[in-house]
Amino acid sequence: MRKPPPQQPSIHRHVLSRRSVIVGLPLLAAGCAGGNYGAISDGGFTTVPIDLATVDPDLLRQEVAWHGDERPGSIVVNVPERRLYLVEGGGRALRYGVGVGRSEAMNFRGAAIIGRKEKWPHWTPTPNMIATMPRYRPYAGGLNGGVNNPLGARALYLYRDGHDTYFRLHGTTEPESIGHAVSSGCIRLFNQDIIDIYNRVPVGTHVTVVQG
């Protein structure tokens, strides 16, 4: 019986494998910065996609080195930097661009915990917000969650000593405000980023807000 010829190495498969690695490199790099900023269908609403061509890449979600003493899973908001850090293990953290209060006096400072989490949260402007921004007066009775709600797709409510501080980490209807001092004191993020954080942290997460 005639023996079949020995099988030759598949050069074609080897080339495809190498090509796959080369093509995949940009995708691996993209995992370190950027993330998904497209439209997200969620809870009956759809977030507005972010035009990345108009955004400073440094404001996008990315993994960075971390040298602080906070435990993994903690959140640190650095107000002067306009950045939020979600601490990971091994000297790493996820960094997000944020919008902060228009003046230092309007910003929360110090330690708190996330006492409550809400999807597409209801929003009621405080009397102080209405006094400083009369355009909020029509919403004195509150506004249901949705794409036009200033709190955006998610809200994480900061508590201290068991009491609501009335400061939140939340989404926004004004993505162009991220990286600037424009809010009434709360910390705002791209809707895609606050959804990402909401999915990563539980109630009880420790939050530190640093003013300087």
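The values are calculated or read from the model by the stated rules, or taken from the named source; none is laboratory data. Just so you know, these numbers come straight off a predicted model, no measurement behind them. Cβ: placed from backbone, ideal geometry, glycine included. Neighbour counts: every protein chain shown. The accessibility values were calculated without ligands, DNA or RNA, using every heavy atom of the protein model including side chains. Shrake-Rupley method; radii C 1.70, N 1.55, O 1.52, S 1.80 Å.
Some observations on this one:
- Here region 73-212 exposes an accessible surface that is 51 percent carbon and sulfur, computed with a 1.4 Å probe and the other protein chains kept in place.
- Rounded D (µm²/s) - region 112-212, Kirkwood Rh over Cα pairs, Stokes-Einstein at 4 °C, 1.567 mPa s: 93 µm²/s
- Averaged per residue, region 56-97 has 47 square angstrom of accessible surface, using a 1.4 angstrom probe with ligands and nucleic acids left out.
- In order along region 124-132, the Karplus-derived 3J(HN,Hα) couplings, from 6.51 cos²θ - 1.76 cosθ + 1.60 at θ = phi - 60°, round to 10, x, 6, x, 5, 5, 5, 5, 8 Hz, and Gly and Pro are given as x.
- Here each label is just a point 7 Å from Cα along the line to Cβ, and for residue 161 and residue 69 those points are 2.3 nm apart.
- Å² per residue, accessible surface of region 99-212 at 1.4 Å: 47 Å²
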